[in-house]
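Working notes, structure below.
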Amino acid sequence: SDQKLAHVALLPSAGMGHLTPFLRLAALLTARNVQVTFITPHPTVSLTESQALSRFFASFPQVKQKQFHLLPPEENSADPFFYHMQLIKSSCHLLSPLLSALTPSPSGFITDMTLASTIIPITQAISLPNYVLFTSSAKMMTLFLSYPTLAGSKALDDLDETDVIKIRNVELMPKSLVPPPLLQKSNNFFKNSFIENGMKVIESCGILLNTFVSFELESLRKINDGQVLERLPPVVAIGPLPPCDSEKSQLQLTWLDDQPAGSVLYVSFGSRTALARDQIRELGEGLIKSGSRFVWMVKDKKVDREDSEELEEVIGHELMERVKEKGLIVKDWLNQEATLSHPAVGGFLSHCGWNSVMEAAWHGVRILAWPQNGDQKVNADIVERIGLGTWVKSWGWSGEMLVKGEEIAERIRESMGNESLRIQALGIKEDARKAVGFGGSSYKGLTELISMWKH
Ligand code: BUP
């Protein structure tokens, strides 16, 4: 009957950028009366991930947790997050018995785009309908779907940086936006798994996107009109995935309470990018010279477990002293949800990880984009085109050059002083809330998925 409770199992990939949208989706489904089993690969890469999981399960006792014990890791020099994905792959034979034992048996299984080629065959073998949550932008997805074809041709090699990549005559993006590992001739983990997953994802029963129609109209249209690939499973925009209760921190930044509305710039480059030391110090100079108030999340190592350096050693004593007057510096981690939702925060100097972009849209905070790696230039391009922020393209990829403090200061002043940007960002916030609210495009998208899982 229509009253049948849908039961869905979720499996996230490595890193907060992948775990967070899965937790939010779990909370959203729970609120919509769907029974959720959340499968947690064990151990996690970062401490932050295991803490976020404990908080989540404490806040959502209705969500069932199943631990997926991974095979013991070996000594490995690869990126720890990539290695974790490989570990899930080599442990995946342990997943089928776990899934088969779930009661009632789930009517859907949702996994991350980075695990598609590993998971889809397993769920197919036990006839469990599988779905993929794409944790980046729809624009990035146009590349994801096309890249297996493009990589096999000379199409990419022959282009200049500014040339636009096309598939079947549909324009995707200039080559300059493409993640550098995808342009390397040699094999690398990012490129290989991008191809494997991109090929496999079309066999899934549906793809969920953490974006919304008015934000990425053109890319969603290209995908859904079959311009990018002719045959695709349903692609449904369900974002921005709203922050869930377990993210609301008890520990508020009281310093922010004393700052004027919209006056503070929040600075963060995401959970897995540590800037080079000399770039960190130039950034500090820039923040001071900008004259703006700021909250700066400083990250010195890729994985938090290894980040033992004192803040003062990273930034330097003298800079540390000067920074104190105008800003707050935090090391490793700070509750971004609590920060972006604070009325004092008016700007976000961001690497444009997709979750950060959606969170800025959700709170109507303008972005000053400084993409570093991976999909971040693609995302920065969206931010700039839609009017959520600005992007200084000449700053390049991470480590390509040393951006001087003077220059950073100037761009911060421009961004924080830009009144029309402030207003545009607030308009985008309204659109985001409308999409997710009752009857909105993302709300409807999720409703359709849920009704599939009920039958
Ligand atoms: Br850092 C940091 N606090 O201090 P992205 C991040 N976050 O809450 P990334 C905090 O982690 P990928 C911090 O709100 C977002 O939900 C932040 O995801 C939260 O970037 C998430 O923005 C980070 O997508 O992941 O970490 O680079 O490489 O997957 O894009």
### Query
Of Trp362, Trp370, Trp395, which residue is away from the ligand (no atom under 16 Å from the Cβ), among the aromatic types (Phe, Trp, Tyr) and either farther than 18 Å from Leu283 by Cα or touching a Phe, Trp or Tyr at 6+ places or on another chain (Cβ under 7 Å) (or both)?
Trp395
### Task
Answer yes or no: is there a residue in region 47-58 that is outside any strand (DSSP E or B), more than 16 Å from the ligand (Cβ to nearest atom) and of a type in the set (Lys, Arg).
no
### Query
Right, Val345: within 20 Å of Pro242 (Cα to Cα), more than 10 Å from the ligand (Cβ to nearest atom) and touching a residue at least 60 places away in the same chain (Cβ under 8 Å) or not?
yes
### Query
Among the residues of region 37-44, is any of a type in the set (A, V, I, L, M, F, W, C), within 15 Å of the ligand (Cβ to nearest atom) and touching a residue at least 12 places away in the same chain (Cβ under 8 Å)?
no
## Note on the structure
Of the residues in region 282-312, those that are of a type outside the set (A, V, I, L, M), in a helix (DSSP H, G or I) and touching a residue at least 40 places away in the same chain (Cβ under 8 Å) come to Glu282, Gly284, Glu285, Gly286, Lys289, Ser290, Asp304, Arg305
### Task
Would you confirm whether any residue within region 18-36 is surrounded by fewer than 22 Cβ atoms within 10 Å (Cβ to Cβ), more than 18 Å from the chain's Cα centre (by Cα), closer than 21 Å to Ile119 by Cα and free of Cβ contacts under 8 Å to residues at least 24 places away in the same chain?
no
## Note on the structure
Selection from region 9-25 of residues out of contact with any Gly (no Cβ under 7 Å at 6 or more places or on another chain) and within 19 Å of Lys301 (Cα to Cα) yields Ala14, Gly15, Met16, His18
### Message
So, in region 182-197, how many residues would count as being of a type in the set (D, E, K, R) and in contact (Cβ under 8 Å) with a residue 40 or more places away in the chain?
### Response
2
#### Entry: Options Pro148, Pro179, Pro174: the member that is closer than 25 Å to Trp391 by Cα, in contact (Cβ under 8 Å) with a residue 40 or more places away in the chain and not small (Gly, Ala, Ser)
Pro179
### Query
For Lys200, all conditions in the list (1) in contact (Cβ under 8 Å) with a residue 60 or more places away in the chain; (2) exposed (fewer than 15 other Cβ atoms within 10 Å of the Cβ); (3) of a type outside the set (Ser, Thr, Tyr) hold save one; what is the number of the exception?
(2)
### Message
What are the pairs with Cβ atoms under 8 angstrom where one residue, in region 104-125, is free of Cβ contacts under 8 Å to residues at least 60 places away in the same chain and among the hydrophobic types (A, V, I, L, M, F, W, C) and the other, located anywhere, is assigned to a helix (DSSP H, G or I) and surrounded by fewer than 19 Cβ atoms within 10 Å (Cβ to Cβ)? Sequence gap at least six, or different chains.
### Response
Ile122/Cys92; Ile122/Ser96; Ala125/Ser96
## Note on the structure
Turns out the strands (runs of 3 or more DSSP E) fully within region 327-429 with at least 1 residues that are polar (S, T, N, Q) are 345-350, 389-391
### Task
Would you check which residues across region 240-293 are in contact with an Asp or Glu (Cβ under 9 Å, 6 or more places away or on another chain), within 25 Å of Asn379 (Cβ to Cβ), among the polar types (S, T, N, Q) and within 14 Å of the ligand (Cβ to nearest atom) and list them?
Ser271
### Task
Determine which single condition Leu388 fails, assuming it passes every other condition in (1) away from the ligand (no atom under 13 Å from the Cβ); (2) closer than 23 Å to Tyr147 by Cβ; (3) crowded, with 24+ Cβ neighbours inside 10 Å.
(2)
### Message
Checking the structure you have, find out if any residue of region 66-73 is touching a Phe, Trp or Tyr at 6+ places or on another chain (Cβ under 8 Å) and under 15 Å from Cys244 (Cβ atoms).
### Response
no
### Query
From the list Ile412, Ile428, which residue is of a type in the set (Val, Ile, Thr) and either under 23 Å from the mean Cα position of the chain (by Cα) or at pLDDT below 95 (or both)?
Ile428
### Test for Leu334: is it more than 12 Å from the ligand (Cβ to nearest atom), among the hydrophobic types (A, V, I, L, M, F, W, C) and surrounded by fewer than 21 Cβ atoms within 10 Å (Cβ to Cβ)
no
### Query
Among the numbered criteria (1) more than 16 Å from the ligand (Cβ to nearest atom); (2) in contact with a strand residue (DSSP E or B) (Cβ under 6 Å, 6 or more places away or on another chain), which single criterion is violated by Ser13?
(1)
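The values are calculated or read from the model by the stated rules, or taken from the named source; none is laboratory data. On a predicted model such as this, the values are computed, not experimentally measured, just so you know. So basically every Cβ, Gly included, is an ideal-geometry build from the backbone, and we count neighbours across all protein chains shown.
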